[in-house]
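Student: Right, I'll just put the structure down here and ask away after.
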């Protein structure tokens, strides 16, 4: 069996997740490629991982479902043998972007299930396995990285469920960092800003203008690869003494300026 480290990257069939999967493959990781629906795209990403000389396996799972999460972890255990790095990237956006006064509970439940409940309990399952692996291989670095958002601290009243979920994910990072530190498992976070993906394509014209007007000090869209490089850095031994930190990949949006 390959001695390469294994990364499970959720939501890696497209966008930021795809970029993370490919960046990690380039850094020497075998990759478990996860999708919620589009297995064809996930297989395409797996082929790109393989082209970089790494093993890849594809898994389809609804992260809001306990049974699906269990099947996902068992699938990785069976096919790739371990997980050294979990990247909780998968997310869904608010349906219809309804105002807070109009938003329905059904949409809220869906966003919370995928964006918050799923990462929390997938982390639980993977962390239990990582603790087992650490006992057998105490020298192997292991970590968990959550992909949150500038929406963690920036209210958008037409997608409150998404903001609440991402704010919760920040606490998930701190909780698991605290719990797993004694086992040598680091838990950190990357907070993307305005990133050019298919999810942001519908608002491209709006943000082209706002970025040009100075919404972000660095006046360009972020790219998925910007986020991916931050993930690779956090997963490396360069951050061996860091846990519960968040890296803002947002062109400086988080700055308060006069």
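Student: Report the equivalent ellipsoid semi-axes for segment 143-258 in whole Å, largest first, defined as the square roots of five times the eigenvalues of the gyration tensor built from alpha carbon atoms.
Tutor: 27, 16, 12
Student: Note down the relative contact order for segment 1-145 as a percent, whole number, built from C-alpha pairs under 8 angstrom at least six residues apart.
Tutor: Dividing the mean separation by the residue count of segment 1-145 yields 23 percent.
Student: Then there's this: Expressed as an acute angle from 0 to 90° and rounded to the nearest 10, what is the orientation of the C-alpha long axis of helix 15-26 relative to the principal long axis of the chain?
Tutor: The angle comes out at about 30 degrees.
Student: With r defined as the distance between the Cβ atoms of residue 47 and residue 208 and R0 fixed at 41 Å, what FRET efficiency is calculated, to the nearest 0.05?
Tutor: On the way: r = 33 Å, r/R0 = 0.79.
Efficiency computed from Cβ-Cβ geometry: 0.80.
Student: Mind checking the angle between helix 66-79 and the chain's longest principal axis? C-alpha axes, 0 to 90 degrees, to the nearest 10.
Tutor: Around 50 degrees separate the two axes.
Student: To continue, here is another question. Show me the ranking of peptides 36-45, 92-101 by mean Cβ neighbours inside 10 Å, starting with the highest.
Tutor: Details: 36-45: 16.4, 92-101: 14.4.
Listed from highest to lowest mean packing, they are 36-45, 92-101.
Student: Calculate for the chain the 222 nm mean residue ellipticity that helices alone would give, adding -39,500 (n - 2.57) per DSSP H run of length 4 or more and normalising by residue count, nearest 500 deg cm²/dmol.
Tutor: Computed ellipticity for the chain at 222 nm equals -13500 deg cm²/dmol.
Student: Compute the distance from the alpha-carbon center of segment 79-130 to that of segment 179-254, in whole Å.
Tutor: Result: 18 Å between the Cα centres.
Student: Just rank 179, 257, 186, 78, fewest to most, by other beta-carbon atoms within 10 angstrom.
Tutor: 257, 78, 179, 186
Student: Between residue 240 and residue 256, what length in nm is gained on full extension when 0.36 nm per residue of separation is reduced by their alpha carbon distance?
Tutor: Between residue 240 and residue 256, full extension yields 2.8 nm more.
Student: Mind checking the angle between helix 39-51 and the chain's longest principal axis? C-alpha axes, 0 to 90 degrees, to the nearest 10.
Tutor: 60 degrees
Student: How do 6, 111 line up, fewest other C-beta atoms within 10 Å first? Show your work: numbers first, answer last.
Tutor: On the way: 6 22, 111 26.
If I rank by nearby Cβ atoms, fewest first, I get 6, 111.
No value in this document is a laboratory result; all are computed from the given coordinates. Predicted, not measured: the structure shown is a model, and the values here were computed from it. With ideal geometry, Cβ positions are generated from the backbone for all residues, glycine too; neighbour counts draw on all protein chains shown.
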